[in-house]
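The values are calculated or read from the model by the stated rules, or taken from the named source; none is laboratory data. These figures come from a predicted structure and were not determined experimentally. So basically every Cβ, Gly included, is an ideal-geometry build from the backbone, and we count neighbours across all protein chains shown. Calculation scope for accessible area: heavy atoms of the full protein, side chains included, ligands and nucleic acids excluded. Shrake-Rupley method; radii C 1.70, N 1.55, O 1.52, S 1.80 Å.
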Amino acid sequence: MLSTLATNYQLLVELPAAQNFCALIGLPRLVPYWPALLAFAGLFQLLRLSSNTLSSLVFGAKFDSLTPRQKYDWGVRVVSQVHAIVVVLLAIPIFFKQELINDKLFGFDNYAAWVYTLVCGYSINKALELHMLARVLDNLLAVSIADINMCICVPCDALGLTFALCM
């Protein structure tokens, strides 16, 4: 099964349209990571959707008594916490990568690029969540300050990925 998954992943990476798109936007090193970037965004969305079901099982009537907006916020916070814990744990080894220590500005490491891909997958998911929330509320001003803050974080994460993949 892992062999099939790896083969299919490689087929996606080798798609000429994907390679052309990455070259067009000036991120040629994004080519081996773009399927994972989209997969991570999807996994974070799946985690948010499943967190409500799991929370209902764990917390029972207390969770079920929350309003739909509170349940949505709870799911967003679960994803945010999982993301923060995973990224911090995965980022620790990056500090000890010799390639990155030797060349702090232009150094490149595949492991670090995978961690950046995870972070950017979360950011894409968050941007899509923000867009959907604004459409549901039909008013961007009704979006909470925390969500507006995400508008600042997403471009910063994208800038970090750009530096990581272009250098």
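Need the failing condition index for LEU161 against (1) surrounded by 17 or more Cβ atoms within 10 Å (Cβ to Cβ); (2) at pLDDT 80 or above; (3) within 16 Å of ARG29 (Cβ to Cβ), just the number.
The one condition LEU161 does not meet is (2).
State whether the residues of region 119-126 include one that is open to solvent by 40 Å² or more (accessible area, probe 1.4 Å), assigned to a helix (DSSP H, G or I), hydrophobic (A, V, I, L, M, F, W, C) and at pLDDT below 90.
Yes, there is a match, as at least one residue in region 119-126 is open to solvent by 40 Å² or more (accessible area, probe 1.4 Å), assigned to a helix (DSSP H, G or I), hydrophobic (A, V, I, L, M, F, W, C) and at pLDDT below 90.
How many residues are within 19 Å of LEU37 (Cα to Cα) and either assigned to a helix (DSSP H, G or I) or touching a strand residue (DSSP E or B) at 6+ places or on another chain (Cβ under 8 Å) (or both) if we restrict to region 101-118?
9
Quick one: how many residues across region 72-105 are more than 21 Å from the chain's Cα centre (by Cα) and surrounded by 10 or more Cβ atoms within 10 Å (Cβ to Cβ)?
Number of matching residues: 5.
Which residue, of LEU15, LEU46, LEU37, LEU54, is surrounded by 11 or more Cβ atoms within 10 Å (Cβ to Cβ) and touching a Cys at 6+ places or on another chain (Cβ under 7 Å)?
Checking each option against the conditions leaves just LEU37.
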